[in-house]
Amino acid sequence: MRTPLATLGIIAAGALTLAACDSLPGMGGASAALDIPEVEAGDIAEATIKDVTRLLSSDEFEGRMPGTPGEEKTIALLTERFKAAGLQPGNNGSWVQDVPLVEITGKDYAPLTITGKGAPMSLAFAKNWVGVTYREDAKTTLKDSELVFVGYGINAPEKGWNDYAGVDVKGKTVVILVNDPDWQTAGQEGPFGGKAMTYYGRWTYKYEEAARQGAAGALIVHQTAPASYGWNVVESSWTGPQAYPQYGDNPPPRTQMNGWVTEDAASKLLKAAGQDLGALTKAAQAKGFKPVPLGMKLSTGFASTMRSFTSHNIIGILPGSEAPEEYVLHTAHWDHLGRCTPAPDGDDICNGAVDNATGTAALVALAEAHGKAGAPRRTLVFLAVTAEESGLLGAYYYAANPVFPLAQTVGGVNMDALQMAGPAKDVTAVGFGKSALDQFLDAALKADGRTVTPDPKPEAGYYYRSDHFAFAKLGVPMLYIDGGQDLIEGGRAAGEAVAKDYTDNRYHGPKDAFNEAWDWSGVMADLQLYYRLGRMMATSKSWPNWNDGDEFRAVRDESCKAADKGC
Ligand SMILES: [Zn+2]
């Protein structure tokens, strides 16, 4: 994940008001009486999650970068453990689904030079800016590309909002703010859902829109608060090899260069243009904002090496007894950053213990427990996806090329960066209030006596930052839950302290390593919850749907209508 759930501060738990309606029989929105069967607790082995997490996050796996020996070792370990758990190969006799990717590595970066007003500015790579190309170009050159400030860079016709209105940015470089225009709103009111980030706030969307507008370059201004992570994360995630889908002959629109610039460098650049970042930000937050040509030009260049390779999603199934053509997903990404910016002690392996060796090991522990409990009514799918750290690529590839039709996929639970701070009185549910899966969650939580804490940092857009989003975007209802922060030992303060230490010192760095002193009892409770949710969905006869008005409801209803069986 490009920002960990574990960093969440916490708001007091409380029942959420759920939107209420359902369109098709058995296909339940919030209010539909769904078939939610009681299920037994699972026989889950702590040794399994511990041993598999330790192995996956060992230096031997070298940070599990797609397309490296670390991938081969991960595939071998998971297929061996899935087989031992009694699963069957999930992809027509194969344990893997090929995911064609291309790795592009930028090098020989020229400084970013800005000319036009006053003395030319020269920005140093990695220190003041980072940039990559999504194109398989050996050489990227931007020469005197005109700079245009486009506010939040959003074109949302359904909201009557267009930050590109009246300006042609073809061949130019756009300067963009991160998050939504109303991210500083206290509540959830506002054109973009107030405090809660919408997909328009995500860096992925910003680059997609800039490319659609024909821009040659797109630079996002990094500000820690609206981005929800520091420059260190940008610098480590955006330098070195980057993986992208192989688009073949029909690629989507792409700029020549996508990147970030530090807040300090952006302020200086805008000041030189006679503008003020604060004043421009204010203007950009108001409807009717007009893009601002800066009268400055940007030049830079760098080379890139390309390596096309095939990475893999790993898939095992426990076929259903009565409705084997109805599918329930347990998902987790197995990949991480590989070798990364070294720590002061020289350690340069990003082991990715929490992110996401824990979630991947959880898939194995759940497979064993479901295997021991025998086949449920529907088929359980255990899906370990690749290249999440590069933009959910394995999940997007599966969703676009599903082994099991999405209309016959009931829903699922995603696991990313399990909470290792110890047992908590609550769980954190990102996306709570979006679908009738909440009713399954409520029922499962009754069994373990914990409460739901809704996403306390909706401004960080966590629902868009891990693999469940790739499935949700094509209509499959997905839950994303993690252990809470209201720890039994030490309460919220203790939970938040662990979260802060993780974000500041470990996340996406060499120090996200296995800790022999970890207390696994919290994770074991969370595994029991994931087990119950999967078992309930796989035993139920219902098709839980997104709530009325939710951003994913329409695509689900469409895919159900178009299908001759399933939802
Ligand atoms: Zn992750």
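Overview of results
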{"item": "Filtered residues of region 185-204 (kept if open to solvent by 40 Å² or more (accessible area, probe 1.4 Å) and β-branched (Val, Ile, Thr))", "result": "Thr185"}
{"item": "The one condition in (1) crowded, with 19+ Cβ neighbours inside 10 Å; (2) touching a Leu at 6+ places or on another chain (Cβ under 7 Å); (3) farther than 24 Å from Val234 by Cβ; (4) modelled with pLDDT under 95 that Val430 fails to fulfil", "result": "(3)"}
{"item": "Residue count, region 186-226 (criterion: under 19 Å from Met257 (Cβ atoms) and hydroxyl-bearing (Ser, Thr, Tyr))", "result": "3"}
{"item": "Total residues in region 295-328, condition surrounded by fewer than 24 Cβ atoms within 10 Å (Cβ to Cβ) and aliphatic (A, V, I, L, M)", "result": "4"}
{"item": "Set Glu389, Glu368: member being buried (at least 21 other Cβ atoms within 10 Å of the Cβ) and either in the same structural domain as Ser236 (by TED's automatic domain parsing) or modelled with pLDDT under 95 (or both)", "result": "Glu389"}
{"item": "Residue within region 350-362 that is away from the ligand (no atom under 16 Å from the Cβ) and either farther than 29 Å from Asp43 by Cβ or touching a helix residue (DSSP H, G or I) at 6+ places or on another chain (Cβ under 6 Å) (or both) present", "result": "no"}
{"item": "Qualifying residue in region 551-565 (condition: outside the structural domain of Gly352 (by TED's automatic domain parsing) and under 21 Å from Pro376 (Cβ atoms))", "result": "yes"}
{"item": "Any hit, region 399-406, residues being surrounded by fewer than 23 Cβ atoms within 10 Å (Cβ to Cβ), within 16 Å of the ligand (Cβ to nearest atom) and in a helix (DSSP H, G or I)", "result": "no"}
{"item": "Single condition Asp335 does not satisfy, out of (1) of a type in the set (D, E, K, R); (2) part of a strand (DSSP E or B); (3) within 16 Å of the ligand (Cβ to nearest atom)", "result": "(2)"}
{"item": "Any hit, region 474-485, residues being among the aromatic types (Phe, Trp, Tyr) and in contact with a strand residue (DSSP E or B) (Cβ under 6 Å, 6 or more places away or on another chain)", "result": "yes"}
{"item": "Residue among Arg535, Arg465 that is buried (at least 20 other Cβ atoms within 10 Å of the Cβ) and modelled with pLDDT under 90", "result": "Arg465"}
{"item": "So Thr68, is it more than 16 Å from the ligand (Cβ to nearest atom), modelled with pLDDT of 95 or more and more than 24 Å from the chain's Cα centre (by Cα)", "result": "no"}
{"item": "Residue match in region 170-184 (condition: free of Cβ contacts under 8 Å to residues at least 40 places away in the same chain, outside any loop (DSSP other than H, G, I, E, B) and either at negative phi or β-branched (Val, Ile, Thr) (or both))", "result": "no"}
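Conditions tested, residue by residue: (1) open to solvent by 40 Å² or more (accessible area, probe 1.4 Å); (2) over 15 Å from Asn356 (Cα atoms); (3) away from the ligand (no atom under 16 Å from the Cβ).
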{"position": "Thr409", "(1), (2), (3)": "no, yes, yes"}
{"position": "Gln439", "(1), (2), (3)": "yes, yes, yes"}
{"position": "Ala443", "(1), (2), (3)": "no, yes, yes"}
{"position": "Ala470", "(1), (2), (3)": "no, yes, no"}
{"position": "Met478", "(1), (2), (3)": "no, yes, no"}
{"position": "Gly490", "(1), (2), (3)": "yes, yes, yes"}
{"position": "Ala494", "(1), (2), (3)": "no, yes, yes"}
{"position": "Asn505", "(1), (2), (3)": "yes, yes, yes"}
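The values are calculated or read from the model by the stated rules, or taken from the named source; none is laboratory data. The structure presented is a predicted model; accordingly, all values stated were derived computationally and were not measured. Neighbour counts are summed over all protein chains in view; Cβ atoms, including those assigned to glycine, are modelled from backbone coordinates with ideal geometry. Side chains are part of the model used for accessible areas, which takes the heavy atoms of the whole protein and leaves out ligands, DNA and RNA. Shrake-Rupley method; radii C 1.70, N 1.55, O 1.52, S 1.80 Å.
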